[in-house]
C-alpha cells in the first residue's frame, strides 16, 4: 500500500464511510486442541527510524488475556476473549461471530527484545519493537 | 436455549449459536437505515435486550448513541493515524465515519437505555417497555 502522509503526518481517511468486513478465520499451521474458532486480527505495521510498530485490532480482549511472544524472529500475538461475559445471554440476531485472536509475523532485522512496548486501548493493541542499536564499532589493536 | 451446558465446549457452542442466528430476520422487520457499520449482535437477557457491537480503535468520546422510540442510532468516527516519518508496511485497519440506525421489533423503554464501552466493545442495554411485559389478568 502506498503511503501518502498529509500535512498532519497522518494518513487517515476520515470522510470515508466505513464498510463492513467479514472476520477472517485463522488458518493455523497447528490445529488447536481446544474447540472454538480463532480469528485473524486486522493489523497496521509501520516503521520509524528507531522502531517497528504493529497495531492489532482485538476488540473484547483484556490485558490479562493477552500474550505476546517473540521467538526466533517470529512475533506471535494471542488474545483471548472472556466468554463468561456472554453467560445468560441468548442470541436472537447475529451479524458477526466472536472468538479468540491470533496472528504471527516473521520479523526481519534486529529487535531489542528487552524493550518491546505494548499498549492496549479501546480494543487495539500497539506493539512497539525498538530496533537494536548496532554493535558498537570495536577498535582492534594490531599487535 | 442452554448455550453453556458444557463449559469446555462453551466457546464453540456459543460460536455455533451465533452462526445459527446469522440467518435470523429478527432485526430486518424495522425500517433500519444508514450504513451497515458496525455489525451488531442482539441478545436477550430475561425480559431485556442487549445489542453488542465491536468498535476497535474508536474512542468513547467519538461514539454517539441516540434513542427515539424503538429506533437506535449509532454514529461516530474512527481515526487511524501514523507518525509523520513512518514507512507504512501494512495497512488493514479501516477508518472513517459510521452512522447506523436500527429499529427494534419490540417496544423498549427509551429512558432506561444504557450504554457501556470497554475494550473496543459497545454494549447497549435496552429494557423492554412495561407495556410489553406480560401481565397476569385476574379472572373475574
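Each value in this text was obtained by applying a stated rule to the coordinates, not by laboratory testing. These figures come from a predicted structure and were not determined experimentally. Virtual Cβ from ideal backbone geometry, glycine too; neighbours counted across all protein chains shown.
So here's what we get for this one:
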| quantity | calculated |
| --- | --- |
| Anisotropy class of region B:15-140 from Cα gyration tensor, a/c 1.5 cut | prolate |
| Simple spin-label estimate for residue A:119 and residue A:133 in nanometres, 7 Å along Cα-Cβ | 2.3 |
| Number of partner chain Cβ atoms within 10 Å, mean per residue of A:96-108 | 3 |
| Segment residue B:118-residue B:64, extension gain: residue separation times 0.36 nm, minus the distance between their alpha carbons | 18.0 nm |
| Over the protein assembly as shown, equivalent-ellipsoid semi-axes from the Cα gyration tensor in Å | 43, 23, 14 |
| FRET E, pair residue A:65, residue B:107, Förster distance 41 Å, beta-carbon r, rounded to 0.05 | 0.65 |
| Inter-probe distance in nm under a simple model that places probes 7 Å from Cα toward Cβ, at residue A:17 and residue B:84 | 3.5 |
| Nitroxide proxy distance, nm - points 7 Å out along Cα→Cβ at residue B:36 and residue B:135 | 4.2 |
